[in-house]
1. Leaving ligands and nucleic acids out of the surface, order Lys399, Lys278, Lys205 by accessible area at 1.4 Å, largest first.
2. Assuming R0 = 30 Å, what is the FRET efficiency of Tyr364 and Leu341, from their Cβ-Cβ distance, to the nearest 0.05?
3. If I take R0 = 51 Å and measure r between the Cβ atoms of Cys22 and Asp92 in this structure, what FRET efficiency does the formula 1/(1 + (r/R0)^6) give, to the nearest 0.05?
4. Can you find, among Gly378, Tyr328, Gly391, the residue sitting farthest towards the positive end of the charge dipole of the stretch 312-411, where Lys and Arg contribute +1 and Asp and Glu -1 at Cβ?
5. Roughly what would the spin-label model give for Glu249 and Leu64, points 7 Å off Cα along C-beta, in nm?
6. At Ser74 and Arg241, where each label point lies 7 Å from the Cα along Cα→Cβ, what is the point-to-point distance in nanometres?
7. Is the shape of the stretch 268-332 best called rounded, prolate or oblate, per the rule: a/c under 1.5 gives rounded, else a/b larger than b/c gives prolate, else oblate, with a ≥ b ≥ c the square roots of the Cα gyration tensor eigenvalues?
8. Report the accessible area of Lys388, computed with a 1.4 Å probe over the heavy atoms of all protein chains in place, in Å² rounded to the nearest 10.
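The values are calculated or read from the model by the stated rules, or taken from the named source; none is laboratory data. A quick note: this is a predicted structure, and the numbers were derived from the prediction, not measured. For neighbour counting, all protein chains shown are included, and Cβ atoms are generated from backbone atoms with ideal geometry for every residue, glycine included. All accessible areas refer to the heavy atoms of the entire protein, side chains included, with ligands and DNA or RNA removed. Shrake-Rupley method; radii C 1.70, N 1.55, O 1.52, S 1.80 Å.
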Amino acid sequence: MNRFRSFVFIILILEILLALACNVLYIAGEKSGGGKMYRVEANRAAMELEERSLLGVEPAEMDLSGYESIVRVSRFDAGEACNNDYVVKEADGILYRIEYRSPRRIQALVCMDIALAGMILITGTVLFYVYKKVLKPFHAMSNLSYELAKGNLSAPVKEEKSKLFGKFLWGMDMLREKLEDNKERELAFQKERKTLILSLSHDIKTPLSSIELYARALLGGLYESQEKRDEALSGITKNVREIKKYVDEIAAASREDFLNLEVFSGEFYLSEVIRATKNYYRDKLSVLHTRLETGAFSDCLLKGDKNRLIEVLQNIMENAIKYGDGSYIHIRCEEEEDCKLIEIENSGCSLQEEELPNLFDSFYRGSNSHGIKGNGLGLYICKSLMHKMDGDIYAQVKKESFCVTVVIRKA
């Protein structure tokens, strides 16, 4: 802010100095030869004085209406004060003072000064507006992103009257509320998960103790009959099944907490989803020299979560980029009763037909994933989201391409 004030001060000083320089140059130019009119008229007045002197007419009786710059003609007296510029001319052996003034020069100078003053005023107004409406509000919220980065999410974003930052601050406040909500939810999930893990860990101790006792008895030869040994083995098997059940519960709870796949159902148009996907990948595919083609489709109202559906299509597009040969990606839309089918097909496919049933399982990666980064959760997430939106997703292996179809219900 201090730098901006210094900058404004320097700009205004420079403009004032420029105005003064223009005035000095203009006046110097007029004096050096710009105002020749008065010289011509002074010579003409001197000739008229000489004629009048021959007729015995005093200079005071001269008619000056025909002169543009001459304001007064009188006998020259060195001791007399004069407020106007003048020249001394001789007529019939007598010295005369011819006083002159240049109205045009004064008017031009005033006009120039008014124009320069207007420029300085406009510059000052613009800089003041920038300071008041842009820099000052921006400085007031300069710590906003820093506080959010530190995790200070409780303080609401102050409203700003400036229209330039109204939408930005609204978005930042929405982001703050979203982050705060996610933080509270994460803390709740962590608390529930720790409680569950502690509870299950306590429950696992009982079957583990039983298994340990059975194992010691078998190793120590305490069971003399085969019937007793079979009972011990049966008890071990039962407790193993119980432990496995607890482990499955821990895994399911951890997976649900980790993915947190929430869906907010609503209505939206198919064109919104297709347009968002195209705009997101147009430049990226252009850099990769991959041709993106979108077939013609009839727009309709769909039911589900628009943002989640866009997320599903983005996951599929990312897979098409990673596992395709980079030649083309086609997006097509088909009709099926009360549903809309969105097909994304990419050229190049090394996936085997028998791998398709496992393709949407969590942490499964196909035979074409060697050397490609990933965790095998992308298509699993897509399937989970589509099921929550009462839709579906499936894949097909064609001759020279791979196609994933998303089924979404119409509203």
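1. The ranking, largest first, comes out as Lys399, Lys205, Lys278.
2. 0.80
3. 0.70
4. Towards the positive end, the residue furthest out is Gly378.
5. 11.6 nm
6. Going by the 7 Å Cα→Cβ label model, 13.4 nm.
7. prolate
8. Number for this one is 120 Å².
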